[in-house]
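Single-structure report; data block below.
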Amino acid sequence: MSKPAAPLKGRAARLARLMPSTGPSTAARTPFVLLVVLLLGGGLITLLLLNSALNEGSFRLSELKRDTTELTDEQQALQRDVDSRSQPDALEKRARELGMVPGGSPAFLNPDGTVRGRPTEATAPPSPSPSPSPTPSPTASPDADAPAAGPPASGTSAGPSGSPSPSASVPQPDPAAENSPPPTSPGR
């Protein structure tokens, strides 16, 4: 067996105290330090990725809010358009443009098959007469306002320039239209 090492004395003992020992305590610290460094690095990388994901989400959120605002504005404009076109006077005007007329008196069928009421045909009300044309200006040539070749139609009186007088252009009311009841529409 070997002899135990003698303790150092003097100058060697002082140098040994100044130099760190490379014993088992240094070897045990190295894995711990590496573990702490790895945990801190992983945490920083995780925070960076999380921050990037949150920024991407906030950009997407702002884009979706902008799209929602645009779509809401468009929806409101379309709703105003629908509201303006569904007003009764607008519906009536559009129906007249399509050639529709107000319905006549309705007739109903009873459960036993008999007809209740007297149906009438829907007829168009007389169209309003156009306003008489204004008198010709003195600069216009008399040929421009003259009627086409041929004598004036019966019942019209010609003025001094050969054009029909304004009183002749007013249509006479139809006696059949005066006898028919005015058209009615339900719900008004």
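A few remarks follow.
- Net charge of Cβ neighbours under 10 Å - reference residue 100; Lys, Arg +1; Asp, Glu -1: 0
- Amide H to amide H, with H built 1.01 Å from N, residue 104 comes under 5 Å of 122, counting only residues 5 or more places away or on other chains.
Values in this text are rule-based calculations from the coordinates and carry no lab data. None of these values were measured; they are calculated from a predicted model. Because the Cβ atoms are built from the backbone with ideal geometry, glycine has one as well, and the counts that use them run over all protein chains shown.
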